[in-house]
Amino acid sequence: MVTPAPDAPPFPDYFLTELDLSLNYLTPGRSSEIGCGEIILFPILREVWKPYRELLSLFTHEGLEFDDDLTGTPDYFVCKVTEYGRIPDVPYLLVVEAELDDFDKAWGQCVAAMRAAQKLNGAPELPVYGIATSGRTWEFGVLKHNEFTQQQEPFGLADLADLGRALHAVFRACRDMALAYHAPAPANP
């Protein structure tokens, strides 16, 4: 499903130093969603996103709504840069934090957001990627048509280089979709 990109750029030394500082001196509490997001999640996502920033936008806490049942606010999502600039568009990747390491709840939220994104995309054959993460553990999944597949082996902060390669693989897939795919007009709910 997600095969780490062997040629992905490594995290730069300055980033590793800053992340290490944050993890050692700004350790978020297990129940602190904001702390985990600011200290771990967003810095990692932002660093991986940088090489793709001309084609992909990275949003934080933007709501998605298809209808009354398929609505929600993922912690982060990635979509293409639109012809109008950096405004929210149909998402290719959604990231949800697993608060208190509750991955079942996080995946419930993530899959619902992925389903809403798929409906907004108007193309069920277009994959929508999802990540549920506690910051230390990163689980990947993909929704294509009506089939959700969750990767069996998670990636972790303990092997940051491998996590970075996995994230680059997903960002590259999102970039490729942004280059190749033109979404149809949104379907009415």
- Hits in region 128-149 (condition: over 14 Å from the mean Cα position of the chain (by Cα), in a strand (DSSP E or B) and not acidic (Asp, Glu)): 144, 148, 149
- Residue in region 111-124 that is over 24 Å from residue 55 (Cβ atoms) and either β-branched (Val, Ile, Thr) or under 13 Å from the mean Cα position of the chain (by Cα) (or both) present: yes
- Query: Of the residues that sit in region 94-110 and are farther than 17 Å from residue 140 by Cβ and in contact with a Lys or Arg (Cβ under 9 Å, 6 or more places away or on another chain), which one is surrounded by the most Cβ atoms within 10 Å (Cβ to Cβ)?
  - Reply: 99
- Restricting attention to region 48-68, does a residue exist that is part of a helix (DSSP H, G or I), at pLDDT 90 or above and charged (D, E, K, R)? yes
- Of the residues in region 73-85 that are over 17 Å from the mean Cα position of the chain (by Cα) and either among the basic types (Lys, Arg) or outside any loop (DSSP other than H, G, I, E, B) (or both), the one that is surrounded by the fewest Cβ atoms within 10 Å (Cβ to Cβ) is 85
- Task: Go through the residues of region 114-126 one by one and say whether even a single one is more than 19 Å from residue 6 (Cβ to Cβ) and without any contact (Cβ under 8 Å) to a residue 12 or more places away in the chain.
- Result: no
- Task: Give the number of residues within region 153-174 that are part of a loop (DSSP other than H, G, I, E, B), under 15 Å from the mean Cα position of the chain (by Cα) and surrounded by fewer than 18 Cβ atoms within 10 Å (Cβ to Cβ).
- Result: 0
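The values are calculated or read from the model by the stated rules, or taken from the named source; none is laboratory data. Model, not experiment: these values are computed from the prediction. Using ideal geometry, Cβ is built from the backbone for each residue, glycine included, and neighbour counts are taken over all protein chains shown.
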